[in-house]
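Working notes, beginning with the structure itself.
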Amino acid sequence: MDLKQYIRDIPDFPEPGILFRDITPLLRDTEAFKIVIDMMIDHYRNAAFDTIVAVESRGFLFGAPMAYQMRKSFVPVRKKGKLPAATHTAEYSLEYGSSIIEIHAGDVAKGDRVLILDDLLATGGTLDATARLVEVSGGTVAGIGLVIELMDLGGRERLSDFDVFSLIQY
C-alpha cells in the first residue's frame, strides 16, 4: 500500500511558507491506519524496550495502540501545563517557533529502555527534547519511531545519537 496517498498536503499551515503533512486522511481510512500500526509493530517486534513514550498529540494516536498490542507501558509527553503531577521540563525550537514539553517525574523508571514515537520528524526539536526528558528521568532511548520523516529539514542529523526509523519519507 502506498501510504503517501493518505497524507494530505496543506500549504501555508500553520503559517505562510510551511507545507503541513496532514495525517487525518490516514486516520480516517481504517485499513491504512491498521497497516501503519502493524508495520510499526513489525519493525519493533524484536527490539529491546520497556516503555513507549509518545509526543502530544498525534504521537498518542500511534503510541497508545502499539503499547496496547505490544504489552508495553505508555507514557505521554505533553505541552507545558497539561500534566497534573510533578514533571521534568524541556524547551525546544520548532521550524516555526518554540515550545515547552513535560513528562511526569517517575513515569519512566530508572534503567527503562524507551521507544519514542511521534507522527512526524521535521527539524528534530521536539524529539530531541523528548529524548532529553527520557534521559533526565533515568531512562535510555532505545529508538525513535515515526510515521513521516521530512528528509530535507535535518531532523535525522540532529538525532544522530539515536536509532531513527520512519515509514514514509518526503
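Each value in this text was obtained by applying a stated rule to the coordinates, not by laboratory testing. Fair warning: this is a prediction, and the values are worked out from it, not measured in the lab. Note: ideal-geometry Cβ built from the backbone for every residue, glycine included; neighbour counts use all protein chains shown.
A few points about this structure:
- Converting phi to 3J(HN,Hα) with the Karplus coefficients 6.51, -1.76 and 1.60 and the offset θ = phi - 60°, segment 135-149 yields 5, 5, 7, x, x, 10, 6, 8, x, 10, x, 9, 7, 10, 10 Hz in sequence order, with x at every glycine or proline.
- The count of lysine pairs in the chain whose Cα atoms are under 25 Å apart, excluding pairs fewer than 8 places apart on the same chain, comes to 8.
- For Lys82, nonlocal amide neighbours, meaning residues 5 or more places apart or on other chains whose placed amide H falls under 5 Å from its own, do not occur.
- Helix-only CD estimate at 222 nm, as mean residue ellipticity for the chain, using -39500 (n - 2.57) per DSSP H run (n ≥ 4): -8500 deg cm²/dmol
- Put simply, the Cα atoms of segment 1-49 extend 42, 24, 15 Å along their principal axes, the longest span coming first.
- Applied to segment 108-117, the Karplus parametrisation 6.51 cos²θ - 1.76 cosθ + 1.60 on θ = phi - 60° returns per-residue 3J(HN,Hα) values of 9, 6, 4, x, 4, 9, 10, 9, 8, 10 Hz, with x for Gly and Pro.
- Relative contact order (%) - criterion: Cα under 8 Å, at least six apart; region: segment 35-129: 33
- Amide H within-cut-off set for Leu120, under 5 Å, with H built and near neighbours excluded: Val147, Ile148
- FRET efficiency estimate (nearest 0.05) - Cβ-Cβ, Lys110 to Ser57, R0 30 angstrom: 0.65
- Loop-located trypsin sites (Lys or Arg not before Pro) across segment 1-77 with a Cβ neighbour count of 15 or fewer within 10 Å are Arg45, Arg71, with loop assigned by DSSP.
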